[in-house]
Every structure is written in structure tokens, then in C-alpha cells.
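To keep things clear, I will list the structure first and then write my remarks on it.
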Amino acid sequence: MKLKAFAKINLGLDVIGRREDGYHQVRMIMQTIRMFDQLEIEKSSTPGIRLSVNLPYVPTDSGNLVYRAASLLMEEFSIQEGVDIRLNKFIPVAAGMAGGSSDAAAALVGVNRLFDLGLSRKELMERGLRLGADVPYCVMRGTALAEGIGEKLTRLPALPSCYILIGKPGISVSTKYVYTNLKLDARTEHPDIDGIIEALENQDLGGVTGKMGNVLESVTIPRYPVIEKIKDLMKAEGALNALMSGSGPTVFGIFDDRKTAERAQQKLRDSRLARQVFLTEAFHNGGTEDDQ
Ligand code: ATP
């Protein structure tokens, strides 16, 4: 069985407080994009989970969210058979694109189907939350508002058609580092999340891009100025706007014209500011088998 695990970007990311247990309360506008990892899952008569990954620095044991997702369902349903999983990663790692969370979501969907467990999407989302705050969204996919610690999801109207240029500089950013160093006070500039929602409701692309904002840039950009440079390049090359995704360091730029986006892609490659450069579009849940 083959599955696709799609990456996400945040059109808006705000942190509104901190819970007593240390988790941050967020308001995020999530958008799935057509960039994905591939999972191949097969039943095996040898009990246990065997995971292989195309990248040597990504764990293949319980340090990998795919392993933990498979293990969670296999233990709950006392599955005696085994499973072989091959993960081919294309989504940049530790990049703010929820690669690991999306892989976990795909593994939940895959194991559920492979062993006919009969869990609904909602039930998979509940289990996903035990693996990470972004996993339920990765099961849901599309355009959504995520609140709470990221698990309270409200579907939103789809992002109007556009081109999304992704640039990931050759640095890795730990999500934990960014949240730990985030200082919220009266001077914090909060993005207008409700304004983005309103623009989506009006199907106003310029309204969405005009209001895009990410409060975590205040931590990541001072530490890694290359992020600002990539944003500036994208904007100078015709992006309606550009923003850091999640806790970074990936930057995305939104374009309403393919030619302009392609030219910007080439300029970004030539600049060598980003190690990975990719031009894509939003993914909207139409839910064909192939896209699972
Ligand atoms: P988020 O946007 O949710 O913060 P991220 O893009 O910052 O995610 P990931 O690529 O999901 O980060 O993973 C970061 C770390 O998690 C990696 O350094 C890796 O060791 C570990 N990890 C666990 N499972 C996976 C996986 N399936 N793919 C990649 N990394 C994984």
C-alpha cells in the first residue's frame, strides 16, 4: 500500500498564551501543500515493525513518529502480524512543515486500512493527538484553523488558486528552541488571524497574503537572518507576500502568476540562500485514493 504524507505551511501563526503544563496555546491557519513524503506499508508474517528511511539522519526506531503511529494502533488492536514500512522523505526535515507529523498521520491511515481496523477519520485524529499536536490536522488536511495546542480544528474555505514557492536554507531549527525562547508581552505583534479567515471567506487572495504573519519569526529570524533575506528576495521577485512557516526555517512565497513564480524560483536557486527550492500549489481535500 502506498500513501502520500503532505507538508503544510502556516498562512498565519499566533501564540496567545501558555498553559500550566507548558504547552503553548496557538491560533494557526494551516494549509496543506503538494509536497509530500511517500510511505509504503506491507503486512508481514514476522511480528514487529520494521522501518527503513531514505535519509540516514532520520531515526528508524521509536524515535520516528511513523514507528510510534504504527505501534500505537498495533498495540491497541493486539495485532499479531508484523508490518514493513518504507519511508521516502522529500519534505525538508526540522523545517516547520510538519513532515514528521504528516508521516505519522499517513501511517495511522495506512495501518487502519491494511488491518481493516475500521477506525473513522475522527477516531484516527484522536489517536494522532497522542503522537503530536499537529497530527490530527495532518489526518484532516486542507485549509483549517487550528486552536488549543493545535488540535482544535475548524475547516476553512480553500485558499484561492496560487503558486507557492518554498525555500529552505541549509539550517535546521528545533521547534522546542523557538517556543522556549518566545517572549510574549505587550509589545508582541500578533498577526491578524481573524482577518485571514475573513479574506478566505471572501476568496480574496490579496487579502490573505496582506495579512499573513507568524509570531515565531520574532525568535527565529534574529538568530538566522538568512530567513529574512529569502523573504526579501521572494518579495522583490514578485511574491504577493512571503513568510516563515511554523518555527522555521522554511520560507514560502505566494504568487498569483506562474511565470513570475518560476522566475523567482530560478533567482532563489541562483542566490544560494536556500538549499532546497521547490515550486508547488495548495492541496485541497478532494480525497482521491491516490492522494491518501
Ligand atoms: P513541525 O512543523 O511539526 O515543527 P518540523 O518540520 O519542524 O515539524 P520534522 O521534520 O517533523 O520537524 O521532525 C523534526 C525531528 O523529528 C527530526 O529531527 C527527527 O529526528 C524527528 N522525526 C521523527 N519522526 C520523523 C519523521 N517521520 N520524519 C522526519 N523527522 C522525524
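The values are calculated or read from the model by the stated rules, or taken from the named source; none is laboratory data. If you're wondering where the values come from, they're calculated on a predicted model, not measured in any experiment. We place every Cβ from the backbone using ideal geometry, glycine too, and count neighbours over all the protein chains shown. Only protein heavy atoms, including side chains, enter the accessible area calculation; ligands, DNA and RNA are left aside. Shrake-Rupley method; radii C 1.70, N 1.55, O 1.52, S 1.80 Å.
Below, the figures for the structure above:
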quantity	calculated
Debye, to nearest 20: dipole size of the chain, +1 on Lys, Arg Cβ, -1 on Asp, Glu Cβ	760
Accessible surface, per residue, of the chain when the full set of protein chains is kept, probe 1.4 Å, Å²	45
Linear extension gain, Ser52 paired with Asp185, 0.36 nm per residue minus alpha-carbon span	43.4 nm
Sum of side-chain charges, Arg86 neighbourhood, beta-carbon under 9 Å (Lys, Arg +1; Asp, Glu -1)	-3
Restricting the range 174-213 to trypsin sites (Lys or Arg not before Pro) in coil, as DSSP defines it, with at most 12 other Cβ within 10 Å	Lys183, Arg187
Förster radius 22 Å - calculated FRET efficiency between Asp61 and Asp21 (Cβ-Cβ, nearest 0.05)	0.25
Partners for Lys168 among lysines (Cα-Cα distance below 17 Å; same-chain residues under 8 apart left out)	Lys8, Lys89, Lys229, Lys231, Lys235, Lys267
Distance between modelled label sites at Glu123 and Ser78, nm, 7 Å Cα→Cβ extension	1.7
For Glu42, net neighbour charge (Lys/Arg +1, Asp/Glu -1) across residues whose Cβ lies under 13 Å away	+2
Carbon and sulfur %, accessible surface of the chain computed with the full protein complex present, 1.4 Å	46
Rg/Rg_ref, the chain, where Rg_ref = 2.2 N^0.38 Å and atoms are Cα	0.99
DSSP loop GluC sites (Glu not before Pro) with at most 15 other Cβ within 10 Å excluded, longest remaining stretch of the chain	82-188
Of the DSSP H helices in the chain, those whose Cα atoms cover at least 27 Å axially and whose Kyte score averages 1.6 or more	none
Dipole magnitude (debye, nearest 20) for the range 75-158, charges at Cβ of Lys, Arg, Asp, Glu	340
